[in-house]
Amino acid sequence: MSGFEIATASADDVLRIMGWAKDEGWNPANTDWIAFHAADPGAFLMGRLEGEPVACISVVRYGAGFGFLGCYIARPVVRGRGYGIEIWNAGMKRLDGRNVGLDGVPAQQANYRKSGYRLAWNNARHEGMPAAAPMPAGIGIVDARSLPFDKLAAYDRRFFPEPRDSFLAPWITAPERTARVALKDGEIVGFGVTRAAVTASRIGPLYAASPELAAALIGELAAAIPGRPVAVDMPDFNAPGIRLAEQLGLKPAFETARMYTGPDPAIDRAGLFGVTSLEFG
């Protein structure tokens, strides 16, 4: 396409992309971009028309065999002119040979299927001011930054298809967030991060050994931002998680379809109460 060029995004471009995501109503957390850029500096692609940024996509590589696609946006002024599919194709080329995941709006499932994706589950975002929930007996809560990082990374690996240490480290240390780990007899049994956003503060990931612990962790994370609503993107396969969200007074607000180009990754589904990020998996 004459005048349209695609290149790796700069750090300034990544900030611009986060602004575009806010324009779309996706409510990304304020400082998530720090971890996004650290995870894979080449993951963001920016498309420019005559030098003006008009389209973007993120295509992060994890390990040797997994990738995740997000932040797929064509600015309203250029929609319907083919620039979106151009940057989509460039992004998919970067992830060639990998099992690729995405979280997209259900209305676009048919289009994603045309590109080789298949539905794995839906995420239901639940928002609100959660009611307090008691901490299960024998559980201690600590700041995630106080733990040996390799121990936390090994726990995270139970719930994600590949190691993602370069993402996880800034995810728990970037500004405007709180990261908490639940311990029982010295072992990790839960983990959650809350991040400030324009509207409801985002919680993700949310891992827990039981629904009761997940509820208590939501309360613990919400207490770090008193007076502010929170939002958790819960996979619909975790029926106890959906029930606990309702019991805490959180209401369904948004839905996305988790899709993969390959088989569903082998993860600890029972302990996954909230996905980390709709943009990066």
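What follows is calculated from the coordinates using simple rules that are stated; it is not laboratory data. Quick caveat, the model's predicted, so the values are computed rather than measured. Backbone-built Cβ (ideal geometry, glycine too); neighbour counts: all protein chains shown.
Computed over the chain, the per-residue total of -39500 (n - 2.57) for DSSP H runs of n ≥ 4 gives a 222 nm mean residue ellipticity of -8000 deg cm²/dmol, rounded to 500. Of all DSSP bridge pairs formed entirely within segment 168-281, close to 85 percent run antiparallel.
With each label modelled as a point 7 angstrom along the Cα→C-beta vector, the T199-M129 pair spans 1.7 nm.
Based on alpha-carbon centroids, what's the gap between segment 89-112 and segment 15-74 in Å, whole number please? Here the answer is 14 Å between Cα centres. For K22, the aspartates and glutamates whose Cα comes closer than 15 Å to its Cα, not counting residues fewer than 8 places off in the same chain, are D13, D32, E279. Computed over segment 125-274, the percent of Cα pairs more than 25 Å apart is 23.
The lysines whose alpha-carbon is closer than 22 Å to the alpha-carbon of K93, local same-chain residues fewer than 8 away aside, are K114. Extending 7 Å from the Cα toward the beta-carbon at both K22 and A107 defines two label points whose distance is 2.3 nm. With only the Cα atoms considered, the chain has a convex hull volume of 117 Å³ per residue. Simple spin-label estimate for D264 and R243 gives 1.9 nm between the two label positions (7 Å along the Cα-to-Cβ direction from each Cα). Fewest neighbouring Cβ atoms within 10 Å first, the residues E176, E50 line up as E50, E176. On the principal axes of its alpha-carbon atoms, segment 4-101 has extents of 37, 29, 21 Å, going from largest to smallest. Using the Cβ-Cβ distance between R145 and A90 with R0 set to 41 Å, the FRET efficiency works out to roughly 0.65. Listed by chain and number, the lysines placed with their C-alpha closer than 30 angstrom to that of K151 are K184; residues fewer than eight positions away on the same chain are left out.
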